[in-house]
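The values are calculated or read from the model by the stated rules, or taken from the named source; none is laboratory data. Model, not experiment: these values are computed from the prediction. Positions of Cβ are backbone-derived with ideal geometry, glycine not excepted, and every protein chain shown enters the neighbour counts. When the accessible area is computed, the model is the full protein with side chains, heavy atoms only, and any ligands, DNA or RNA have been set aside. Shrake-Rupley method; radii C 1.70, N 1.55, O 1.52, S 1.80 Å.
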Amino acid sequence: LVRRLGAILAMTLGALLLFAFRSVLPAARELAETNRELQRSQQQLEAQQAQLEAEFSAREAARAAEHRAIVELESFAAVVRQTKVPVIMTDAKVRTTYVNPAWEKMTGRTLAEVVGCKPGDLVQGPETDPETRAAMRAAISAGRPYSGEILNVRKDGTPYWLSINTTPVRDRKSTRLN
């Protein structure tokens, strides 16, 4: 009887183990595949995170550089506005794009009046030396600096002497901007 019970117990236990093994094995295989998929997904997410962090760092560096450039430009603009030295800027066609308050005070003309005009047409009068005018125009046309003294005329017709210094401005590719 004990042997028989032992045999029955062994067969039952074997059947249970076989049933459990057959039931669990597919689930175990499925779990292993799911685990591999999760690992691949985690690797992809980590790669994406690294890429996003690199892009974020690059954008932050670009923002910082842009901020520095803006601060620098604002500082330069403040210097030009606040200096007591008259400043006039032109485009590549030598048409006025900007004058500072010192230039307005010296000539009696406002920025609104002179934008788009050639500076010589505004301030040179009949008493301006033609040779000085020609030398200055030749240097400007050739994109060379010019220094000299010239007799100009205020808006009200009053003549004044001006020590003038022109400098062509170029971009990083050496293209003349003014």
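Remarks
- Computed FRET value (nearest 0.05) for Asn35 with Ala15, which takes r as the C-beta separation and R₀ as 45 Å: 0.90
- Heavy-atom SASA rank of Lys118, Lys173 (probe 1.4 Å, accessible area, largest first): Lys173, Lys118
- Other residues whose C-beta falls under 14 angstrom from the C-beta of Asp156 contribute a net charge of +2, scoring Lys and Arg +1 and Asp and Glu -1.
- For the chain, a crude dipole built from +1 on the beta carbon of Lys and Arg and -1 on the beta carbon of Asp and Glu, taken about the Cα centre, is about 600 debye to the nearest 20.
- Taken along the Cα-to-beta-carbon direction at a fixed 7 Å, the label points for His67 and Arg144 span 4.6 nm.
- Computed [θ] at 222 nm, deg cm²/dmol, the chain (DSSP H ≥ 4; -39,500 (n - 2.57); rounded to nearest 500): -21500 deg cm²/dmol
- Springs between Cα atoms under 10 Å define the GNM used for the chain, and in it the highest mean-square fluctuation of Arg36, Arg154, Arg137 occurs at Arg36.
- 3J(HN,Hα) along the stretch 129-140: 4, x, 5, 5, 4, 5, 5, 5, 5, 5, 5, 5 Hz, from the Karplus curve 6.51 cos²θ - 1.76 cosθ + 1.60 with θ = phi - 60°, whole Hz, x for Gly and Pro.
- Partner aspartates and glutamates for Lys84 [C-alpha distance under 13 Å; skip if fewer than 8 residues away on the same chain]: Glu104
- Ligands, DNA and RNA aside, Tyr98 has an accessible area near 50 Å² when probed at 1.4 Å.
- Span per principal axis, largest first, for the Cα atoms of the chain (Å): 140, 30, 21
- In the chain, Cα pairs under 8 Å separated by at least six residues give a relative contact order of 12 percent.
- In terms of its alpha-carbon gyration tensor, the stretch 107-178 comes out oblate; a/c meets the 1.5 threshold, while b/c is at least as large as a/b.
- Ligands, DNA and RNA excluded, the heavy atoms of Ser41 present near 50 Å² of accessible surface to a 1.4 Å solvent probe.
- Compactness of the stretch 30-98, expressed as Rg and Dmax over alpha-carbon positions, Å: 26.3, 82
- Averaging Cα coordinates gives a centre for the stretch 115-178 and one for the stretch 73-87; these two points are 19 Å apart.
- Rounded to the nearest 20 debye, dipole of the stretch 76-129 from Cβ charges on Lys, Arg, Asp, Glu: 240
- Label-point gap, in nm, between Thr158 and Arg170 - each point 7 angstrom along Cα→Cβ: 4.0
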